[in-house]
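A.B. asks: Provided herewith is a single structure, encoded as structure tokens, for subsequent inquiry.
The values are calculated or read from the model by the stated rules, or taken from the named source; none is laboratory data. Please read all numbers here as calculations on a predicted model, not as lab measurements. For neighbour counting, all protein chains shown are included, and Cβ atoms are generated from backbone atoms with ideal geometry for every residue, glycine included. With ligands, DNA and RNA removed, areas are computed over all heavy atoms of the protein, side chains included. Shrake-Rupley method; radii C 1.70, N 1.55, O 1.52, S 1.80 Å.
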Amino acid sequence: MRKIAILGSTGSIGTQTLEVISRLEDCEVVALSAGRNIKLLEEQIRAFKPAIVAVEREDDAADLKQRVADLPVKVYSGMEGLIEVATYPESDILVTAIVGMLGIRPTIAAIEAGKDIALANKETLVTAGHLIMPMIQKHQVALLPVDSEHSAIFQCLEEEKGNPLFAIWLTASGGPFLGKTRKELENVTLKDALKHPNWSMGKKITIDSATMVNKGLEVMEAKWLFGASLEQIRVLIHPQSVIHSAVEFADGAVKAQLGTPDMRLPIQYALTYPKRRPIPGEHLDFYKMAELTFLKPDEETFRGLYLAKKALQMGGSMPTVLNAANEKAVALFLQEKIGFLTIPEIIEDCMDNIMMVDNPTVEEILETQKKTEDYIESRYVS
């Protein structure tokens, strides 16, 4: 029986992870964390019977304790609670489905406790990859990507150890604004940006897809996950989202992973690796595919991708600046306080004005995050 802890169980990835687990007879949920969706978390506790849970705030923890007083579950709150869930002694694997840099400390704690990591939190590697990857090796734990593109690359590289890698082809749908000009993006609304053509995701990642920042973050992740250089990681617009990514080898051979746009596949693969299990629903039907198209990304219009590559080249704490600026800017856009094109403008402004730290510690990463947020507050929030 594989025992699973989940950070971010009430979000998009978290709820789909629980859906997957509900069909797997050899998997058991032992610990959960959530933000402030106490009602849904209570439903999850009653359905999956975890031993411990954590929530963001103390008052919500007090409320939840009353709601589940009839059950033998311990309730924690804050960062202490996240770390309790991440390091719960009975768990085998931690699914990091929490959004944002909040996931860094509990992920590190889980690695140090010897837990395998099913990684769905981009920010962990984007901002702290230089710390995380040596720890993964030191503690000899597995790091299994849940993101569909990185899972695809991971699957393509299986059985290829030692064969020279030429390029990674990281596919992107292009989001809801594929083919638009900057002029056409000037007046797009929040509702427009949340209409992703293929994937069902949380609001933040959906906006990141629309700006192409998401693909830039994935380029950064790919560097750490697969030991590739920036020059080897190539972004390819593929509107149909059938090819989830591909790997090109030195002899010119290309291996790609294809499938329907369904996050349950990479989630389940991470939980059951190296075995594959059936998933209910439609499989890819080659007879119904009229065409597969590919385009070069427009980094002039969608500067989020360009800025992410620039931050990766600069290194140090600059990826943290980019990530923190994007998180804050997207939050402002979701509150309809700024326009869509202001998101990359804020990111670039922060990259130009926040001092970079070489080889930052966790404390310096979090300090850089705060400096970036404070800078945005002083410049863009009235």
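A.B. asks: Counting residues in the range 298-380 as N, plug N into 2.2 N^0.38 Å and put the Cα Rg over that result.
C.D. replies: Dividing the Cα radius of gyration by 2.2 N^0.38 Å gives 1.03.
A.B. asks: Over the chain, what percent of the accessible surface lies on carbon and sulfur atoms, probe 1.4 Å?
C.D. replies: For the chain, the apolar C and S fraction of the accessible surface comes to 50 percent.
A.B. asks: Under 1.5 on a/c is rounded, so check that first for the chain, then, if it is not, pick prolate when a/b is larger than b/c and oblate when it is not; a ≥ b ≥ c are the square roots of the alpha carbon gyration tensor eigenvalues.
C.D. replies: Rounded.
A.B. asks: Using the reciprocal of the averaged 1/r over all distinct C-alpha pairs, how large is the Kirkwood radius of the range 1-76 in Å?
C.D. replies: 12.2 Å
A.B. asks: Let me ask something additional. Provide the solvent-accessible area of residue 30, counting protein heavy atoms only and rolling a 1.4 Å probe, rounded to the nearest 10 Å².
C.D. replies: Here the accessible area works out near 10 Å².
A.B. asks: What's the lysine pair count for the range 1-158 at a Cα cut-off below 19 Å, pairs eight or more apart or interchain?
C.D. replies: 10
A.B. asks: Same structure, new question: Using Cα-Cα distances under 8 Å and only pairs 6 or more residues apart, what relative contact order does the chain have, in percent?
C.D. replies: Answer for the chain is 14 percent.
A.B. asks: What number comes out for accessible area per residue over the chain if the probe is 1.4 Å? Units Å², please.
C.D. replies: Dividing the accessible area of the chain by its residue count gives 45 Å².
A.B. asks: Follow-up question, since we're still on this one. From the Cα gyration tensor of the range 130-188, with a ≥ b ≥ c the square roots of its eigenvalues, which class applies: rounded if a/c is under 1.5, or else prolate if a/b is larger than b/c, or else oblate?
C.D. replies: prolate
A.B. asks: Still on this structure, I have one more. Sorted by mean Cβ packing within 10 Å, highest first, what order do the peptides 142-148, 91-97, 156-162 take?
C.D. replies: Ranking the peptides 142-148, 91-97, 156-162 by packing returns 91-97, 142-148, 156-162.
A.B. asks: Taking each pair of different alpha-carbon atoms in the range 164-279 once, compute 1/r for the pair, average those values, and report the inverse of that mean as the Kirkwood hydrodynamic radius in Å to one decimal.
C.D. replies: By the Kirkwood definition, the hydrodynamic radius is 15.7 Å.
A.B. asks: While we're looking at this one, here's another question. Please work out how many pairs of lysine residues in the range 224-382 are eight or more positions apart (or on different chains) and have Cα atoms closer than 29 angstrom.
C.D. replies: Lysine pairs meeting the criterion: 23.
A.B. asks: What distance in nm separates the two pseudo spin-label positions at residue 40 and residue 231, each 7 Å out from Cα along the beta-carbon direction?
C.D. replies: With each label placed 7 Å out from Cα toward Cβ, I get 4.4 nm.
A.B. asks: Based only on the alpha carbon positions, what is the Kirkwood hydrodynamic radius of the range 1-150, in angstrom?
C.D. replies: Taking every pair of different Cα atoms in the range 1-150, averaging 1/r and inverting gives 15.1 Å.
A.B. asks: Do you know the relative contact order of the range 238-382, to the nearest whole percent, from alpha carbon pairs under 8 angstrom that are 6+ apart?
C.D. replies: RCO, the range 238-382: 18 percent.
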